[in-house]
Amino acid sequence: MMRFATLIKNPADWMKGAGPHSEIVMTSRVRLARNLRGFPFPGFSQERQRVDLLEQVRPVVEELPEMRDGYSEDYTDLSKIRKQVLVERHLVSREHAARSSGCAVVVDRKQSISIMINEEDHFRIQGIRPGLNLHSAYDLVNKVDTELEGTLPFAYDSKLGYLTACPTNLGTGMRASVMLHLPALVLTEQINPVIKAVGKIGLAVRGLYGEGTEALGNLFQISNQHTLGEAEPEIIAQIEKVIEGVVRSEQTARAKLKEDHQTMLSDQVGRAFAILRYAHILASKEALNLLSMLRLGADLDLVGNCDRSLIDMLLLEIQPAHLQLNAARELSPDERDSMRAEITRARLQSIDGPGNFPQSQTNSGGAPSTPNDE
């Protein structure tokens, strides 16, 4: 099996790949919740029961064609920092990382599929793809799910569907989500109406690491909330329709910013680049928000020689656990802020920085300082 160092050394396929609307939709993820008959749910089981289940199923998971030569680790052998690195890579949940004995994760070599064992359910099977690619992500997990079900006795009811620890996961057991970068909607203060509209049709909007987390770096997760009584294709089709609407709203907001508020936009992008390129102290929240503006500038061709994938990798490299893994020791908050700035300065050396672009006729008299001053 792959070693942890090898896993971290190689970027995941979804980190370096491009997909539909990838300038706005960073990733698409589909997760299936499954449980075994005859075993209590992890939250109601004793440690010995979780260990017994893990010993039975982990070899089965490792032998799946998709997972061979992948990464497999028992949580009793993982340090707190390494667990958090997996969280920052979206390979495991925060809740799973907080557990220890009787828990494990298996990840394929491309880091497109991860299987958490003894999370809230016995299995959390996750597929992740770049861009708006929910159908592709579902195909990944559906194949693995079918292979596992051919070997293991999943808990299933003819009326309720797949049985899960949380009632909201009953039925398909599927959660589909997308990670979106929506800086223009935030800048034009249209993000709250969009979030409310999405919520009214039964979808959830969360932050960078899911439920209970903040939308740092203008990154938002949108996912389904219910799985009972709906087929997987119906859920995916509904979410994709909503996401395409959000993408159009963000595209419209970006075009309006560039057309009507060029000076303000140039100022925001320029300040972000200057601080990221020359700062010696960068807090995590500040860095994420500045990288968000730089990514927007790159997408709108306002920053020369700037590859979006470079920024996306930086968004990962500057996370607290990745910094400490790189330093091979625990770092204080001040040390992390210094190291974050050092890495950012080095990575952005090759970028030319924002250039000037012509003022539009609609704004020839000078742009407002913010879009809301009109």
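The values are calculated or read from the model by the stated rules, or taken from the named source; none is laboratory data. Since the structure is predicted, the reported quantities are computational estimates derived from the model, not experimental observations. Cβ coordinates were reconstructed from backbone atoms using ideal geometry, including for glycine residues, and neighbour counts include every protein chain displayed. What goes into the accessible areas is simple: the full protein's heavy atoms, side chains included, and nothing from ligands, DNA or RNA. Shrake-Rupley method; radii C 1.70, N 1.55, O 1.52, S 1.80 Å.
Measuring max minus min along each principal axis, the C-alpha atoms of the chain give extents of 73, 46, 31 Å (largest first).
Remark: the stretch 43-161 carries a charge dipole of roughly 440 debye about the Cα centre, counting +1 on each Lys and Arg Cβ and -1 on each Asp and Glu Cβ.
Subtracting the Cα-Cα distance of ASP69 and GLN46 from 0.36 nm times their residue separation leaves 5.2 nm of extension gain.
A Förster distance of 51 Å, applied to the separation of the beta-carbon atoms of GLU95 and GLU259, puts the FRET efficiency at 0.70. Modelled spin labels at GLU149 and CYS166, positioned 7 Å past Cα toward Cβ, are 2.1 nm from each other.
Of interest is the spacing of the C-alpha centroids, which for the stretch 132-160 and the stretch 23-43 amounts to 10 Å.
Computed from the C-beta positions of GLU244 and LYS16 and an R0 of 35 Å, the FRET efficiency is 0.90 to the nearest 0.05. Shown for the chain: the carbon plus sulfur share of the solvent-accessible area, taken with all protein chains present and a 1.4 angstrom probe, equals 48%. What does the C-alpha gyration tensor say about the overall shape of the stretch 47-131? Classify as rounded when a/c is under 1.5, otherwise prolate if a/b is larger than b/c, or oblate. Oblate.
Placing +1 on the Cβ of every Lys and Arg and -1 on the Cβ of every Asp and Glu, with no other charges, gives the stretch 154-304 a dipole of roughly 200 debye about its Cα centre.
Close lysine pairs were tallied over the chain: pairs 8 or more places apart or on different chains with Cα atoms under 25 Å apart number 20.
Stretching the chain fully between HIS280 and ASN192 yields a gain of 28.3 nm (0.36 nm per residue, less the alpha carbon separation). Put a plus charge on the Cβ of each Lys and Arg, a minus charge on the Cβ of each Asp and Glu, and nothing anywhere else: the dipole of the stretch 79-140 about its Cα centre is then about 320 debye.
The loop-placed trypsin sites (Lys or Arg not before Pro) in the stretch 188-292, going by DSSP, include none that has at most 15 neighbouring Cβ atoms within 10 Å of its Cβ. Distance between the pseudo-spin-label points of ASP157 and PHE4 (7 Å out from Cα toward the beta carbon): 4.0 nm. Computed per residue of the chain from DSSP H runs no shorter than four, each worth -39500 (n - 2.57), the mean residue ellipticity at 222 nm is -13500 deg cm²/dmol.
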